[in-house]
Structure formats: structure tokens, C-alpha cells
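Accompanying notes for the structure given below.
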Amino acid sequence: MPKNSISVTDAIKTRRSIRAFLDKPVEKSLMEEVLQQAARAPSGGNLQPWKVYAISGEVRDQLVNTVSEKQATNPLGDGSEYNIYPPDLNDPYRSRRRDVGNQLYQLIGIPREDKAAKFAQLAKNFQFFGAPVGLIFTFDKHMGLGQHVDLGLYMQNVLLLCKEKGLDTCAQEAWAVWHQTIRDVVGIPQNELVFCGVAVGYADPGEKINELVSERASLEEFAQLKGFD
Ligand SMILES: Cc1cc2nc3c(=O)[nH]c(=O)nc-3n(C[C@H](O)[C@H](O)[C@H](O)COP(=O)(O)O)c2cc1C
């Protein structure tokens with residue numbers, strides 16, 4: 001293995017969603033390398049349906065500032081183009097979603113009933129949690145389920161390659177509710193669906209919120225192995 005590299009296993013094991021970043025820029029060449037290398041992801045029919053907009057500097061700041069201004073009068077944003085979660089989310093998914101939220105708020109000392117503090121924490125999504133780079137992932141609205149999965153494969157490559165190169169990340173579906181504002185600021189055509197953002201930068205090691213290690217279900221809950229000796 002080349003010096004400074006990390007195994008796929010270790011990249012998967014050590015990647016975590018990071019929600020507080022240092023004010024330290026990410027070089028354009030490093031970002032290009034990640035986005036290019038990630039495109040070795042497989043896709044049905046080799047369609048490569050993913051699209052990504054990497055924003056930094058003035059463009060990133062303009063998006064963050066525009067959303068921050070709009071939020072004062074319009075806290076719900078532009079409305080999402082898709083259901084981020086099914087409206088009738090059932091168990092065990094509902095409990096998992098609730099539990100990770102509770103763990104996060106408990107870790108940073110926000111009491112269960114403090115809605116204002118929870119909202120303020122959620123709003124940090126729209127500052128990319130202080131990260132210097134935001135990625136906006138889109139795909140052509142014509143695309144179907146198979147291509148949505150392809151985009152996920154590409155995104156996971158991006159997250160793991162970032163880890164390999166010393167960068168931290170947080171995927172952010174929260175950005176979906178500002179799709180029209182993102183379109184206007186970043187210049188994304190109407191035929192693309194704004195699926196998700198990803199914050200990219202260097203974790204702030206002093207921030208408690210970055211200590212969150214989310215739980216995982218046991219193998220038996222989601223996998224069945226049949227016909228093995
Ligand atoms: C597609 C996607 C969207 C997400 N959206 C958000 C988000 O808007 N805000 C946030 O804080 N975390 C978001 N997350 C992070 C998840 O909460 C996180 O991946 C999950 O709790 C597991 O934790 P881990 O990433 O630290 O392993 C998102 C993750 C994915 C894959």
C-alpha cells in the first residue's frame with residue numbers, strides 16, 4: 001500500500017458525519033482529484049448519471065448568505081422536490097432516525113424540549129457546518145430508481161476518497177429544501193433535481209458534536225446468508 005494511504009476497510013470504519021469544520025481551505029486540485037477518481041463508481045449501463053457542483057469561496061458564501069437572509073422570513077425554504085423521508089416512516093426506521101437525533105442533541109447538551117436550540121443546530125446545515133466547500137449533487141429528473149442508486153454509489157466513493165485524502169464530510173439532504181435558491185446562486189438547470197449537499201473540509205477536533213458515533217443494526221437485522229456450508 002502506498003505511504004499515507006488507508007485501506008478501504010479503514011476508510012469505511014473511520015468515516016463519520018462531521019458537523020463542525022475548521023476555517024481551513026480545500027485546494028481545488030484536491031477536490032478535482034476526489035470528484036474525478038470517484039467516477040470509477042459502477043453504474044447501470046455505464047450511464048454515469050451523477051452530476052456534482054463543487055462550490056467554495058464567494059459562491060459558497062453567497063449561497064450561505066442568501067439562505068440565511070431568506071430563512072428569517074421563510075424558515076421552511078423553497079420546499080423539497082422530493083420526500084426526504086417517506087411520510088409514513090415506520091419502525092425500525094422511525095426509531096433509528098429519532099435515536100440518532102437524540103444522541104446528537106444529548107452529546108451537545110441540548111435538552112429534548114428546547115425546540116429553539118434544536119432549530120439553531122439544524123440551521124447550521126445551511127452554513128455547511130462551517131466547511132469551506134459544499135458539494136451539490138443532482139441528476140437529470142428523467143432518471144429512475146436505478147440511476148438514483150448510481151448517484152449514491154458515486155457519493156459514497158466521494159466520501160471515502162475524501163477520508164483517504166484527509167478531508168472530512170457530512171452528507172446533507174437538508175439542502176434539498178433550498179433547491180430553487182441553490183439553482184439560482186449556483187446556476188443549476190431546471191431539468192436537474194437537487195438531491196443533496198455534502199460539506200467538505202477539515203474537522204474541528206475541539207468540537208463535541210464531532211464525537212458522535214452513530215449506531216448500526218446487527219448483521220442479522222438486514223442480511224440473510226443462505227446455502228453456505
Ligand atoms: C443522503 C444523506 C443525507 C443526509 N443529510 C443530513 C443532513 O441534512 N444533516 C445532517 O446533519 N446529517 C445528514 N446526514 C448524515 C446522517 O445523519 C448520518 O450519515 C447517519 O446518522 C450515520 O452517521 P455517520 O455518517 O456518522 O456514520 C445525511 C446522510 C446521508 C447519507
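Worth pointing out:
- Helical segments meeting 24 Å axial Cα length and Kyte-Doolittle 0.0 threshold in the chain (DSSP H): 145-164
- Highest mean packing first, where packing is the average number of other Cβ atoms within 10 Å per residue, the peptides 193-205, 141-153, 163-175 line up as 193-205, 163-175, 141-153.
- The Rg/Rh ratio of the stretch 93-229, with both radii computed over alpha carbons and Rh defined as the Kirkwood radius, is 1.01.
- Stretching the chain fully between K226 and E81 yields a gain of 48.3 nm (0.36 nm per residue, less the alpha carbon separation).
- Sulfur and carbon atoms: percent of accessible area, the stretch 115-204 [1.4 Å]: 61 percent
- GNM on the chain, alpha-carbon springs under 10 angstrom: the most fluctuating residue among L22, L35, L47 is L47.
- Whether the stretch 32-86 is rounded, prolate or oblate, judged on the alpha carbon gyration tensor where a/c under 1.5 counts as rounded: oblate
- Lys, Arg +1 and Asp, Glu -1 on Cβ, resulting dipole of the chain about Cα centre, debye, nearest 20: 240 debye
- Each label was represented as a point 7 Å from its Cα along the Cα-to-Cβ direction; for R216 and V100 these points are 1.3 nm apart.
- DSSP beta bridges in the chain [antiparallel fraction, %, rounded to 5]: 95 percent
- Tensor-based shape of the chain (alpha-carbon gyration tensor, a/c under 1.5 rounded, otherwise prolate or oblate): rounded
- Beyond 23 Å in Cα-Cα separation lie the following of the pairs K70/K118; K28/K51; K70/K163: K70/K163.
The values are calculated or read from the model by the stated rules, or taken from the named source; none is laboratory data. Here the structure is a predicted model, which is why all the values come from computation and not from measurement. No Cβ is skipped: glycine too gets one built from the backbone with ideal geometry, and neighbour counts run over all protein chains shown. What goes into the accessible areas is simple: the full protein's heavy atoms, side chains included, and nothing from ligands, DNA or RNA. Shrake-Rupley method; radii C 1.70, N 1.55, O 1.52, S 1.80 Å.
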